[in-house]
Amino acid sequence: MGLMAIESDQPAPPTPDGELARRAQRGDRDAFDALIVRYQRQAVAVAFRYLGHTQDALEVTQDAFLKGFTSITSLQNPDAFAGWLLRIVSNLSLNYRRSRKSKSSLPLDDLLVEAEPKEKSAASPSHQLEGRELGVALKAAMAQLPEKQRMAITLFTIDELPQKQVAEAMGCSVEAVKWHVFQARKKLRELLKDCM
């Protein structure tokens, strides 16, 4: 009896980031495109957190992809592609925000909109007013955080990235991320104590 190949209905597991990044470093454009498809939503979300405007976030993300493509050979640890790309997105977002000198757009704008009641009839007017007041206070408190603390708490708490990816995106250690998040939460509690 001969052996028959058993066909599996399960799709092949996705190619690991490191393998795709190494292929991209050797000039494989399709491998880089696959990485971009994999991380484009996350990259746009990170840019949006910094910029607060969809069009700006899309523009910065495109710039980040171009910069990533042209500098992929400088990536020393291909397995850390996601953190490397998100650090490029974060840095370009910060540069873009500084260049337009707009301090009114804060990383939590969309979160605060979502925090408001979805159905007007479901919440009393007093609850709606309290939610808006808390949102305004939270925006003001976030604006007072140092840049690294704001970045750490945004990426870790709001974007829900693992601490290791936050560290890679910020170019620091996991311990530094923990410290920045801890300090940010402590300062936010102090600043918002009258609202809670």
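The values are calculated or read from the model by the stated rules, or taken from the named source; none is laboratory data. Computed from a prediction, not measured in an experiment: that's the story for all the values here. We place every Cβ from the backbone using ideal geometry, glycine too, and count neighbours over all the protein chains shown.
Being within 15 Å of the chain's Cα centre (by Cα), within 21 Å of Gly171 (Cα to Cα) and in the same structural domain as Tyr96 (by TED's automatic domain parsing): is that true of Gln76 here?
No.
Please identify the pairs in which a residue from the stretch 26-48 that is in contact (Cβ under 8 Å) with a residue 60 or more places away in the chain and closer than 21 Å to Leu161 by Cβ has its Cβ atom under 9 Å from the Cβ atom of a residue that is hydroxyl-bearing (Ser, Thr, Tyr) and surrounded by fewer than 18 Cβ atoms within 10 Å (Cβ to Cβ), counting only partners at least 6 apart or on another chain.
From the stretch 26-48, the pairs are Phe48/Thr54.
Of everything in the stretch 35-55 that's farther than 16 Å from Leu86 by Cα and part of a helix (DSSP H, G or I), which residue is farthest from the chain's Cα centre (by Cα)?
Among residues in the stretch 35-55 that are farther than 16 Å from Leu86 by Cα and part of a helix (DSSP H, G or I), the one farthest from the chain's Cα centre (by Cα) is Gln55.
Tell me yes or no: at least one residue of the stretch 184-196 is surrounded by 17 or more Cβ atoms within 10 Å (Cβ to Cβ), outside the structural domain of Leu92 (by TED's automatic domain parsing) and modelled with pLDDT under 80.
no
If the Cβ limit is 9 Å and pairs must be 6+ apart or interchain, which residue in the stretch 72-92 that is closer than 13 Å to Gln165 by Cα and in contact (Cβ under 8 Å) with a residue 60 or more places away in the chain pairs with which residue that is of a type in the set (A, V, I, L, M) and not in a helix (DSSP H, G or I)?
Qualifying pairs under 9 Å: Phe81/Leu75; Ala82/Leu161; Gly83/Leu161; Trp84/Leu75; Leu86/Leu161.
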